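Some notes on the structure that comes next.
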Amino acid sequence: MFDLSTLNEDQEKAVRTTEGAVLVLAGAGTGKTRVLTSRIAYIISERLCQIGEILAVTFTNKAAKEMKERTISILSKCENIFSNKEDFFWIGTFHSLALRMIRPFYEKFKRTSNFSIIDADDQLRLIKKIMKDYEIDDKKNAPKQIAYHINRWKDQCRNPDEAKKMSKRFGIEQTAANIYYYYQDLLESLDAIDFGDIVKISIELFKCNIEILEKYQNKFKYIMVDEYQDTNVAQYIWLKLLSMSNGNLCCVGDDDQSIYSWRGADVGNILKFDKDFKNTTIIRLGQNYRSTKNIIKAASGLISNNSMRMEKEFWTNEDVGLPVMVKSLPDPMSEAHFIAGLIENKSKNGISTSDMAILVRGAFQTRVFEERMLALGIPYTVIGGMKFYERKEVKDAIAYLRLAVNPEDGIAFERVINVPKRGIGTTSMNKFYAVAKEYNLSLPKAARKIAEGSTGSFTTKLLDFLGKIEDWNQNNQTLSPSKLMQKILEESGYASMLKESKTIENEARLETLDELVIALQEFDDVHEFLDYISLVLENSDSLIQDKVTISTIHAAKGLEYHTVFIPGFEENILPHQRSVAEKGEIGVEEERRLCYVAITRAKKEAYITLCNRRNMYGSYDNSYVNPSRFLYDLPRESIKIL
């Protein structure tokens, strides 16, 4: 008999309720992974089925590995009830499990047994090829945006015909729908599929071949899903088809932590679960094992303001603890000094720096904190993105600055000569190198020598670029570093390149470049800044294990820390202006869920900070900002204004 004595009453109920549709609403820190693994072990120990007859699905390879290892650990204590051979386990991600299902039936979706799965880079390359072949302007229709629309249609289980019907008659959506046809044909001719195809193809196989569907329906007596709030439409359909026969579908999730709509997640899947599956048993895990009473009260009070959620109540046996601290500061630099000072003091008082985290809404916010950590010698790591000065857009911008200071900087020249594209590729660079070697010239001078001896559009673009470098070099004598950077970003076409492709990633890159311009205001001379950067990049000690975490809130989901700092608690940052502008109240509610996730990462202490002014577009003039509306959602008795 499997021992359930370590589980609380609600957890035990979730484990023992094995039959029918079950929705386990597991809030932050309520032990959902323990419930899932215990449920698998309980079903096996009760001999309700064999291990190979359980389908357990999650979102990441890391989570799947942890679930498998915990299950093996639990079952290894039970004698003679299972084999731990990998082949018997169906515990994995949606993609890995669906791929395992469709591989034997490759002919039915017109592939060979050796079909390949392309990644995001390959997908983009194929889309660019199609656009070139069909003379589709990639300036008006950014390939990354085309890929985004195609991937979202696949998440919604829509084929090219359906995509064309639902897309707008004009604009990039219609262009993407047309390219979708060609793209799918090209994948077939290349004997390949992409990640979005995997679940979609399995659904199409099930619907068109009832014997294949019945094979898997009969095989899996129990289906369990982790993080159900993060499922998209295709994953929902896939689960529904597989569970139709036995009806034993157990989904564990938390609608209050649904924060990934931008990558296709549909919070409606969990909100309508009891309507989609008959006789659903809903079990709420209310006891939080992570946080203090004040943190739970603050987070619960905040999230209760959302209308699109399932009612639940959280409680804890932990201490009351400190209230959530709220501090208003003059500006981001003061904010960074305040938080870094607290980290330094807490570290001296015995709290490990690895048990403290700064959680930001936007990656652009990390710069001031990184620089303050460096100044104080506090080791840090960045999760959910690269360190500020290691990001591609920042390195590109700095390369442009280096050229403005030294027009003969060959390394910087090679990095940005074709960013944005100027038709100067590998062949041209090889010619530059050959001439540079022959005449003992720098790369830029070699490029000019070649350009002055030829004609055509290539020459025009090259001479135009070289002329801009000369102008920027002159401007370096008269303009401040920040003004020079702004001028370079505009005149080089780099800013326009990012603005034209209105993806979430490029909007974030533009925010990062705005922050770089702000950083340059602290320097009187570009040389001084470039020297500083070289020291920053050199001063990254990867051997130190005990580091403060700086992370986006999105990337911090699932993690926990003794102390959490949430800076930028202001309108237009949290909630983010883009979410509010594009989605209205739906966007506000997702942003509130993000805020809830941030607070519930804290075990003992949570600090919320906001600025009175934030540097906008390179100036503090008229840059007073409003506190986040979420500040007023926090129960007064659970917070303390510092």
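The values are calculated or read from the model by the stated rules, or taken from the named source; none is laboratory data. The model shown is predicted, which means the values in this text are computed figures rather than measured ones. Every residue, glycine as well, gets a Cβ built from its backbone with ideal geometry; the counts of neighbours run over all protein chains shown. What goes into the accessible areas is simple: the full protein's heavy atoms, side chains included, and nothing from ligands, DNA or RNA. Shrake-Rupley method; radii C 1.70, N 1.55, O 1.52, S 1.80 Å.
Residues in segment 506-523 that are over 17 Å from Glu370 (Cα atoms), among the charged types (D, E, K, R) and surrounded by fewer than 19 Cβ atoms within 10 Å (Cβ to Cβ): Glu507 only. Counting only residues that are surrounded by fewer than 21 Cβ atoms within 10 Å (Cβ to Cβ), under 25 Å from Thr600 (Cα atoms) and out of contact with any Gly (no Cβ under 9 Å at 6 or more places or on another chain), segment 1-30 holds 4 of them. Inspect segment 451-474 for any residue being open to solvent by less than 10 Å² (accessible area, probe 1.4 Å), among the small types (Gly, Ala, Ser), closer than 25 Å to Gly425 by Cβ and at pLDDT below 95 and give the result as yes or no. The answer is yes, given that some residue of segment 451-474 is open to solvent by less than 10 Å² (accessible area, probe 1.4 Å), among the small types (Gly, Ala, Ser), closer than 25 Å to Gly425 by Cβ and at pLDDT below 95. The set of residues in segment 475-504 being without any contact (Cβ under 8 Å) to a residue 60 or more places away in the chain, loosely packed, with under 14 Cβ neighbours inside 10 Å and not in a loop (DSSP other than H, G, I, E, B) consists of Glu490, Lys499.
Listed here are the residues, each with its yes/no results for (1) buried (at least 18 other Cβ atoms within 10 Å of the Cβ); (2) within 30 Å of Lys139 (Cβ to Cβ).
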site: Ala163; (1), (2): yes, yes
site: Ser167; (1), (2): yes, yes
site: Tyr180; (1), (2): yes, yes
site: Asp185; (1), (2): no, yes
site: Glu188; (1), (2): no, yes
site: Gly196; (1), (2): yes, yes
site: Gln217; (1), (2): yes, no
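The set of residues in segment 207-230 being of a type in the set (Val, Ile, Thr) and in contact (Cβ under 8 Å) with a residue 40 or more places away in the chain consists of Ile212, Ile223, Val225.
Could you tell me which residue of segment 71-105 is nearest to Asp197 (Cα to Cα), considering only residues that are open to solvent by 60 Å² or more (accessible area, probe 1.4 Å) and at pLDDT 80 or above? So the residue we want is His95. Taking residues in segment 18-41 that are touching a residue at least 40 places away in the same chain (Cβ under 8 Å), and partners anywhere that are crowded, with 24+ Cβ neighbours inside 10 Å and among the hydroxyl-bearing types (Ser, Thr, Tyr), the pairs with Cβ atoms closer than 7 Å and at least 6 places apart or on different chains are Ala28/Thr600; Gly29/Ser291; Gly29/Thr600; Ile40/Thr71.
The set of residues from segment 444-487 being among the polar types (S, T, N, Q) and over 24 Å from Glu528 (Cα atoms) comprises Ser454, Thr455, Ser457, Thr459, Thr460. Which one of these does Phe388 not meet: (1) surrounded by 23 or more Cβ atoms within 10 Å (Cβ to Cβ); (2) under 16 Å from Ile566 (Cβ atoms); (3) out of contact with any Phe, Trp or Tyr (no Cβ under 7 Å at 6 or more places or on another chain)? Evaluating Phe388 over (1) surrounded by 23 or more Cβ atoms within 10 Å (Cβ to Cβ); (2) under 16 Å from Ile566 (Cβ atoms); (3) out of contact with any Phe, Trp or Tyr (no Cβ under 7 Å at 6 or more places or on another chain) leaves (2) as the failure.
When segment 552-572 is limited to residues that are part of a strand (DSSP E or B) and at pLDDT below 95, the one that is farthest from Leu322 (Cα to Cα) turns out to be Asn572.
Scanning segment 101-131 for residues that are touching a strand residue (DSSP E or B) at 6+ places or on another chain (Cβ under 9 Å) and among the aromatic types (Phe, Trp, Tyr), which turns out farthest from Gln217 (Cα to Cα)? Among those that are touching a strand residue (DSSP E or B) at 6+ places or on another chain (Cβ under 9 Å) and among the aromatic types (Phe, Trp, Tyr), it is Phe115. In segment 391-415, the qualifying residues are those that are open to solvent by 40 Å² or more (accessible area, probe 1.4 Å) and under 30 Å from Leu359 (Cα atoms), and the one that is farthest from the chain's Cα centre (by Cα) is Lys395. When we screen Ala598, Ala606 for residues that are surrounded by 23 or more Cβ atoms within 10 Å (Cβ to Cβ), modelled with pLDDT of 95 or more, of a type in the set (A, V, I, L, M, F, W, C) and in a strand (DSSP E or B), the only hit is Ala606. Each residue in segment 4-17 was checked for being part of a loop (DSSP other than H, G, I, E, B) and either within 30 Å of the chain's Cα centre (by Cα) or touching a residue at least 60 places away in the same chain (Cβ under 8 Å) (or both), and 2 pass.
Somewhere in segment 145-163, is a residue assigned to a strand (DSSP E or B) and out of contact with any Gly (no Cβ under 9 Å at 6 or more places or on another chain)? Within segment 145-163, not a single residue is assigned to a strand (DSSP E or B) and out of contact with any Gly (no Cβ under 9 Å at 6 or more places or on another chain). How many residues does segment 48-79 contain that are assigned to a helix (DSSP H, G or I), of a type in the set (A, V, I, L, M) and in contact (Cβ under 8 Å) with a residue 24 or more places away in the chain? Selection size over segment 48-79: 6.
For segment 121-157, which residues satisfy the criterion of being under 15 Å from Ile193 (Cα atoms) and open to solvent by 70 Å² or more (accessible area, probe 1.4 Å)? Asp121, Arg125 - these are the residues of segment 121-157 that are under 15 Å from Ile193 (Cα atoms) and open to solvent by 70 Å² or more (accessible area, probe 1.4 Å). Taking strands (runs of 3 or more DSSP E) as the structural unit, those lying wholly within segment 274-374 and holding at least 3 residues that are at pLDDT 95 or above and within 22 Å of Phe569 (Cβ to Cβ) correspond to 324-329, 356-360. When restricted to residues that are assigned to a helix (DSSP H, G or I), among the polar types (S, T, N, Q) and surrounded by 12 or more Cβ atoms within 10 Å (Cβ to Cβ), segment 427-446 contains 1. Counting only strands (runs of 3 or more DSSP E) wholly contained in segment 168-255, the ones carrying 1 or more residues that are within 30 Å of Ile303 (Cα to Cα) and not acidic (Asp, Glu) occupy 222-225, 249-253. Count of segment 289-348 residues, restricted to those that are open to solvent by 30 Å² or more (accessible area, probe 1.4 Å), free of Cβ contacts under 8 Å to residues at least 12 places away in the same chain and within 30 Å of Leu374 (Cα to Cα), is 2. For segment 416-426, indicate whether the set of residues that are over 27 Å from the mean Cα position of the chain (by Cα) and farther than 30 Å from Leu479 by Cβ is non-empty. Among the residues of segment 416-426, at least one is over 27 Å from the mean Cα position of the chain (by Cα) and farther than 30 Å from Leu479 by Cβ, which makes the answer yes.
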